[in-house]
Amino acid sequence: MDTDKRGTEADNLRLRGNLVPGMNSPVTNKRTDTLKQVMENMGQTRSNFSFLVDDSQKAIGVITFRDIMVQFAPPCIDSSIHGGGFFESALEQTGCHVKDGTIVCNH
């Protein structure tokens, strides 16, 4: 009689002695959640992404750690945020702006 050497499903999910996290309860956020709430949710679960879900829990998008970091990157690092990103808005509210890659404060 042959025995199955593949083991149980749980054994197949082991990676260096730890179970790979399952997707039975993925990290999710709603469109109405603030950036702070998304960051807290991802931080508490040590996840690099969160599914954006609607009211019926249907996935409508994905928010990644990189998506969040781009919001804080200076314009000289990523030109895609030049002209209205979070970083520029925050500087403007403090009376500062970026000129030639340098932060200049008006006070």
Checklist outcome for this item: Thr32 fails exactly one of (1) loosely packed, with under 11 Cβ neighbours inside 10 Å; (2) at pLDDT below 90, namely (2)
Checklist outcome for this item: Within the range 54-71, the count of residues that are surrounded by 13 or more Cβ atoms within 10 Å (Cβ to Cβ) and not in a strand (DSSP E or B) comes to 5
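Considering only residues that are among the small types (Gly, Ala, Ser) and farther than 21 Å from Thr32 by Cβ, look in the range 56-83 and name the one that is modelled with the highest pLDDT. Step through it out loud before you land on a result.
We begin by selecting, within the range 56-83, every residue among the small types (Gly, Ala, Ser); these are 56, 59, 61, 73, 79-80, 83.
Pick out the ones that are also farther than 21 Å from Thr32 by Cβ and you get 73, 79-80, 83.
Values: Ala73: 69, Ser79: 45, Ser80: 47, Gly83: 49.
My answer is Ala73.
The values are calculated or read from the model by the stated rules, or taken from the named source; none is laboratory data. All of these numbers come straight from a predicted model, not from anything done at the bench. Because the Cβ atoms are built from the backbone with ideal geometry, glycine has one as well, and the counts that use them run over all protein chains shown.
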